[in-house]
Amino acid sequence: MQQLNLVGLKCPIPVLKTKKFLATLDSEQQVTITTDDPASEKDLQEFCRKTGNQLIQQFNQDNLIITIIQRR
C-alpha cells in the first residue's frame, strides 16, 4: 500500500495533494494518508464523497489522522 505523509500541512493542501497523488495510482489501489490538521478529517471524507473514491478507514492515532482511500 502506498503512503502519503501530509503532516504539517493545513487545509486545503492535504486534499489537493491527495487528489494529485491518487491520479498517479491505478484503479482500486489504496493509499494511507497521514495528516495532523483537524480539518482534513472532514475534508477527506467530503473529497471521497464528491469524487467517487472509496474511504476505506479513518481513525485518530497519537494526535494524527490516518485515512485509507481506495482509488475508484
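The values are calculated or read from the model by the stated rules, or taken from the named source; none is laboratory data. The structure presented is a predicted model; accordingly, all values stated were derived computationally and were not measured. Cβ: placed from backbone, ideal geometry, glycine included. Neighbour counts: every protein chain shown. Please note that ligands, DNA and RNA were not included when accessible areas were found on the heavy atoms of the full protein model with its side chains. Shrake-Rupley method; radii C 1.70, N 1.55, O 1.52, S 1.80 Å.
So, in the stretch 31-61, of the ones that are within 15 Å of GLY8 (Cβ to Cβ) and not in a strand (DSSP E or B), which residue ends up most open to solvent (accessible area, probe 1.4 Å)? Within the stretch 31-61, the match that is most open to solvent (accessible area, probe 1.4 Å) is PRO38.
Please find, within the stretch 7-20, the residue that is most open to solvent (accessible area, probe 1.4 Å) out of those that are free of Cβ contacts under 8 Å to residues at least 40 places away in the same chain and under 16 Å from GLY52 (Cβ atoms). Top of the filtered list is LYS19. Listed by first and then second residue, the pairs linking a residue in the stretch 26-45 that is in contact (Cβ under 8 Å) with a residue 40 or more places away in the chain and of a type in the set (A, V, I, L, M) to a residue that is open to solvent by less than 20 Å² (accessible area, probe 1.4 Å) and assigned to a strand (DSSP E or B), with Cβ atoms under 6 Å apart and 6 or more places separating them unless they lie on different chains, are VAL31/ILE69. Taking each residue of the stretch 51-72 that is more than 18 Å from LYS20 (Cα to Cα) and looking for partners that are modelled with pLDDT of 95 or more and assigned to a loop (DSSP other than H, G, I, E, B) with beta-carbon atoms closer than 8 Å, six or more apart or interchain, yields ASN63/ASP36; LEU64/VAL7; LEU64/ASP36; ILE65/ASP36; ILE65/ASP37.
Just to be sure, is LEU4 open to solvent by less than 70 Å² (accessible area, probe 1.4 Å), at pLDDT 95 or above and in a strand (DSSP E or B)? In short, yes. Considering the conditions (1) open to solvent by 40 Å² or more (accessible area, probe 1.4 Å); (2) on the phi < 0 side of the Ramachandran plot, GLU28 is excluded by exactly one of them, (2).
Only a single item in (1) part of a loop (DSSP other than H, G, I, E, B); (2) in contact with an Asp or Glu (Cβ under 9 Å, 6 or more places away or on another chain); (3) open to solvent by less than 70 Å² (accessible area, probe 1.4 Å) is not met by ILE65, and it is number (1).
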